[in-house]
């Protein structure tokens with residue numbers, strides 16, 4: 001049951017509108033309830049072939065040899081695709097916004113880094129014939145030590161999961177192995193607290209579980225173009241990713257999608273389109289590549305599992321005075337989007353509360369498991385679980401009602417947030433008050449009278465004196481960044497020349513450390529503002 | 001051996017749109033000669049109602065009935081660029097782009113109507129039912145259909161508009177994390193009531209009461225669909241779901257919906273929702289977006305309710321009967337906390 005509380009914040013709205021605010025029936029309702037809405041897999045094209053991939057049976061192994069001889073002679077097989085057939089067999093999704101290094105092949109070449117990593121693709125007349133051919137491919141693996149725990153992966157001597165990031169962590173701003181947040185002085189905050197509580201929280205990897213699994217159908221169109229029916233959540237994101245991997249201009253493709261059977265973040269990674277299109281390019285026939293349920297569940301990317309350590313200082317009167325956070329995002333074997341979620345997580349600290357001292361170190365860690373990706377609440381869900389369990393424990397510790405404890409600490413209009421922007425348009429207090437009312441949870445009168453629009457700002461608007469970490473020397477970029485719309489061909493884009501120190505000279509002086517604001521993404525590159 | 005009831009709460013906020021911005025969306029709006037409008041997007045409808053929300057935004061901005069607008073999504077040849085349907089950005093980013101495009105189209109529509117009625121466009125208003133009339137003189141009126149015909153065949157005007165919405169990309173300070181992550185935030189508070197069986201460790205949902213603040217609720221039924229479904233996902237994350245039951249040991253992962261547990265119809269509980277609307281200054285008609293945040297408060301609220309019921313803290317998701325039972329045994333039995 002849903003109730004609109006029009007009485008709250010009524011002075012900030014004009015409710016005299018014609019169409020907005022009405023529960024109008026969905027435009028696509030009739031199609032959905034009669035089963036006539038068109039999804040990508042409803043396109044049955046004449047002469048359509050079927051693509052399936054052979055997936056790694058090891059979590060971490062060197063590939064010694066791949067023998068596809070018998071598979072090639074298998075009935076119905078039209079084409080075997082190997083890593084060497086992929087024009088640009090190394091990509092990272094966020095290269096489209098100029099963030100991160102290319103670290104993931106479409107088909108594994110020298111090494112597999114997680115169980116289920118695609119190694120070879122087979123295009124055949126039917127799904128069955130494709131599966132039968134896959135069973136005839138022989139891969140000679142040399143198993144390597146694997147690491148599955150985020151904190152083990154950071155230890156010296158841990159197996160290197162992904163050579164692009166040899167320390168098993170994503171690199172931020174060319175210098176750091178984590179994203180920092182620094183606001184005030186947490187150690188002084190802890191010293192002034194009556195209670196200090198440190199706890200560990202663990203999120204689990206979770207499947208998006210869409211009704212429709214990931215998939216796409218690519219077909220040769222007239223005039224050298226390809227039409228692609230896809231389940232993607234991000235049409236141009238997928239189109240531009242394919243243009244990069246297949247090394248063709250983006251207008252080679254006509255992507256059609258828009259009606260998707262559930263996404264929740266699991267259909268951003270463009271997992272099927274590049275191979276489906278490549279299959280169509282190599283055979284001249286329409287090619288379908290759709291995940292089975294087991295592939296979707298185990299080898300399609302899950303919500304990543306974060307491990308979070310929270311340390312809070314709270315005073316007897318219920319005020320939280322310091323919050324220190326150390327969190328590890330388990331990215332799996334490749335970056336995909338976890339690097340982005342880490343920054344989003346840092347921005348989210350310390351949750352919707354005004355705390356004068358906040359400290360965060362958030363790591364994006366590589367392990368030998370299926371790469372994680374976005375899922376509903378990306379970067380925030382696990383942190384909210386940790387913070388809100390912790391809030392309950394803190395309220396218990398100081399003997400306060402947990403609702404009143406949250407209202408007391410809630411951020412209000414005019415407060416300074418830990419990422420150093422003023423809080424505006426806040427409404428946490430009102431949500432707690434209304435939820436209490438709904439649940440018949442009694443609040444003391446003074447807490448019922450509190451408001452997001454009152455008593456914020458002032459002292460609470462100050463940016464406290466903050467110590468930052470000692471600066472470390474910057475390392476030069478190991479890999480050239482690519483612009484958003486037109487990735488250069490690898491052959492035409494050699495590493496930018498670097499000054500070579502004269503022989504015998506001492507190690508070059510460390511470059512000045514990057515400090516001050518750095519753009520981390522988009523077409524502007526990693527430039528200072 | 002007994003069943004114990006407990007209540008727990010959680011309160012959260014959630015940023016709208018991609019972190020740091022820099023995530024544009026475009027929209028095109030045009031009328032056919034009968035005064036029916038098409039919105040062309042490359043955005044995706046995942047089932048959340050993208051087409052319907054943008055349709056209402058377009059109709060409201062143009063001043064025409066919603067039946068006169070059709071939204072065409074996700075064709076890269078006809079729909080202009082959109083970053084994608086994620087990061088709770090659809091309503092806010094695409095909605096704003098559609099609004100901008102509809103405003104431009106409305107400008108031409110009113111100019112064309114003014115020419116037909118031989119008045120100044122500034123003196124005209126729409127009635128939201130498909131007519132344009134002189135302010136204060138409803139009898140001096142023309143239908144959008146007649147305006148569209150005149151624009152196309154007589155005046156040679158294109159009733160169309162282009163829109164883009166971009167929150168400029170924010171920089172990040174590597175040392176302090178100073179940044180502008182989002183322009184607006186949604187809020188929520190959830191009260192979950194559970195019943196814990198101290199013999200089996202099983203947790204049953206009894207009820208949920210919640211308050212969500214989402215900016216303006218553009219379509220309350222679509223909002224309800226998101227909040228009800230999202231809370232269900234939250235319950236599922238809290239108590240059931242994992243692709244790696246022994247994480248970080250990757251073995252024994254589920255392969256289908258027989259092995260991957262999720263709550264069924266018998267596990268659904270009543271959920272009483274209040275929606276608050278504090279309009280976002282930069283949202284389309286003040287809208288923020290309910291999409292992602294609705295699952296977030298449920299997990300901790302359930303965990304906190306379990307503590308209230310039996311006195312154990314399970315800090316690792318999912319909170320399976322095994323974990324609850326082990327924790328109860330470790331503390332020598334259930335210790336119900338003060339009833340709330």
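The values are calculated or read from the model by the stated rules, or taken from the named source; none is laboratory data. The model shown is predicted, which means the values in this text are computed figures rather than measured ones. Here the Cβ positions follow ideal geometry from the backbone for every residue, glycine too, while neighbour counts run over all protein chains shown.
Assorted remarks:
- Options B:140, B:129, B:106: the member that is surrounded by fewer than 19 Cβ atoms within 10 Å (Cβ to Cβ) and in contact with a helix residue (DSSP H, G or I) (Cβ under 8 Å, 6 or more places away or on another chain): B:140
- Any hit, segment B:47-60, residues being assigned by TED's automatic domain parsing to the domain that holds residue B:104, more than 23 Å from residue A:227 (Cβ to Cβ), over 20 Å from the mean Cα position of the chain (by Cα) and part of a helix (DSSP H, G or I): no
- If you go through segment A:173-199 and keep only what is in a strand (DSSP E or B), touching a helix residue (DSSP H, G or I) at 6+ places or on another chain (Cβ under 8 Å) and either within 11 Å of chain B (Cβ to nearest Cβ) or surrounded by 22 or more Cβ atoms within 10 Å (Cβ to Cβ) (or both), you end up with A:179, A:180, A:181, A:199.
- Qualifying positions in segment B:262-285 - crowded, with 16+ Cβ neighbours inside 10 Å and within 8 Å of chain A (Cβ to nearest Cβ): B:262, B:271, B:272, B:273, B:274, B:275, B:276, B:277, B:278, B:279, B:280, B:285
- Residue A:202 falls short of the stated requirement of being within 19 Å of the chain's Cα centre (by Cα), more than 30 Å from residue A:356 (Cβ to Cβ) and within 12 Å of another protein chain (Cβ to nearest Cβ).
- Note on segment B:316-339: residues that are in a loop (DSSP other than H, G, I, E, B) and within 18 Å of residue B:2 (Cβ to Cβ) total 9.
- In segment A:209-231, residue surrounded by the fewest Cβ atoms within 10 Å (Cβ to Cβ) [restricted to those that are more than 10 Å from chain B (Cβ to nearest Cβ) and closer than 15 Å to residue A:298 by Cα]: A:213
- Residue ID - farthest from the chain's Cα centre (by Cα), chosen from residues in segment B:226-244 that are without any contact (Cβ under 8 Å) to a residue 60 or more places away in the chain and surrounded by 19 or more Cβ atoms within 10 Å (Cβ to Cβ): B:244
Each row is one residue, and each column tells you yes or no for (1) under 16 Å from residue A:361 (Cβ atoms); (2) in contact with a strand residue (DSSP E or B) (Cβ under 6 Å, 6 or more places away or on another chain); (3) assigned to a loop (DSSP other than H, G, I, E, B); (4) at pLDDT 95 or above.
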{"residue": "A:108", "(1), (2), (3), (4)": "no, yes, yes, yes"}
{"residue": "A:122", "(1), (2), (3), (4)": "no, yes, no, yes"}
{"residue": "A:130", "(1), (2), (3), (4)": "no, yes, no, yes"}
{"residue": "A:140", "(1), (2), (3), (4)": "no, yes, no, yes"}
{"residue": "A:147", "(1), (2), (3), (4)": "no, no, yes, yes"}
{"residue": "A:151", "(1), (2), (3), (4)": "yes, no, no, yes"}
{"residue": "A:204", "(1), (2), (3), (4)": "no, no, yes, yes"}
{"residue": "A:208", "(1), (2), (3), (4)": "no, no, yes, yes"}
{"residue": "A:212", "(1), (2), (3), (4)": "no, no, yes, yes"}
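- Within segment B:209-225, considering residues that are surrounded by fewer than 24 Cβ atoms within 10 Å (Cβ to Cβ) and more than 7 Å from chain A (Cβ to nearest Cβ), the one farthest from residue B:279 (Cα to Cα): B:225
- Of the candidates B:259, B:202, the single residue that is surrounded by fewer than 24 Cβ atoms within 10 Å (Cβ to Cβ) and free of Cβ contacts under 8 Å to residues at least 60 places away in the same chain is B:259.
- The set of residues in segment B:286-306 that are at the interface with chain A (Cβ under 9 Å from one of its Cβ atoms), assigned to a helix (DSSP H, G or I), touching a strand residue (DSSP E or B) at 6+ places or on another chain (Cβ under 9 Å) and crowded, with 24+ Cβ neighbours inside 10 Å comprises B:293, B:294, B:299, B:300, B:301, B:303, B:304.
- With respect to (1) surrounded by fewer than 24 Cβ atoms within 10 Å (Cβ to Cβ); (2) closer than 18 Å to residue A:385 by Cα; (3) at the interface with another protein chain (Cβ under 9 Å from one of its Cβ atoms), the lone exception for residue A:297 is condition (2).
- Segment B:317-340, residues that are buried (at least 19 other Cβ atoms within 10 Å of the Cβ) and facing chain A (nearest Cβ under 9 Å): B:317, B:318, B:340
- Residues of segment A:79-98 classified as surrounded by fewer than 22 Cβ atoms within 10 Å (Cβ to Cβ), in contact with a helix residue (DSSP H, G or I) (Cβ under 9 Å, 6 or more places away or on another chain) and within 14 Å of chain B (Cβ to nearest Cβ), total: 2
- In this entry, residue A:320 passes the filter for residues that are surrounded by 24 or more Cβ atoms within 10 Å (Cβ to Cβ) and either touching a helix residue (DSSP H, G or I) at 6+ places or on another chain (Cβ under 9 Å) or at pLDDT below 95 (or both).
- Of the residues making up segment B:77-87, just one is facing chain A (nearest Cβ under 7 Å), in contact (Cβ under 8 Å) with a residue 12 or more places away in the chain and surrounded by fewer than 24 Cβ atoms within 10 Å (Cβ to Cβ), namely B:81.
- Residue match in segment B:144-160 (condition: in contact (Cβ under 8 Å) with a residue 12 or more places away in the chain, within 14 Å of chain A (Cβ to nearest Cβ), within 16 Å of residue B:30 (Cα to Cα) and surrounded by 20 or more Cβ atoms within 10 Å (Cβ to Cβ)): yes
- Members of segment A:371-395 that are more than 25 Å from residue A:461 (Cβ to Cβ), more than 8 Å from chain B (Cβ to nearest Cβ) and in contact with a helix residue (DSSP H, G or I) (Cβ under 7 Å, 6 or more places away or on another chain): A:372, A:395
- Identification of helices (runs of 4 or more DSSP H) wholly contained in segment A:323-426 with 3 or more residues that are modelled with pLDDT of 95 or more and within 22 Å of the chain's Cα centre (by Cα) yields A:338-348, A:381-398.
- Residue satisfying all of: in segment A:447-457; assigned to a helix (DSSP H, G or I) and in contact with a helix residue (DSSP H, G or I) (Cβ under 9 Å, 6 or more places away or on another chain); surrounded by the most Cβ atoms within 10 Å (Cβ to Cβ) among these: A:447
- Test: residue in segment B:247-265 that is under 11 Å from the mean Cα position of the chain (by Cα) and part of a helix (DSSP H, G or I): no
- Test set (1) touching a strand residue (DSSP E or B) at 6+ places or on another chain (Cβ under 7 Å); (2) facing chain A (nearest Cβ under 8 Å); (3) assigned to a helix (DSSP H, G or I) - residue B:242 fails condition number: (3)
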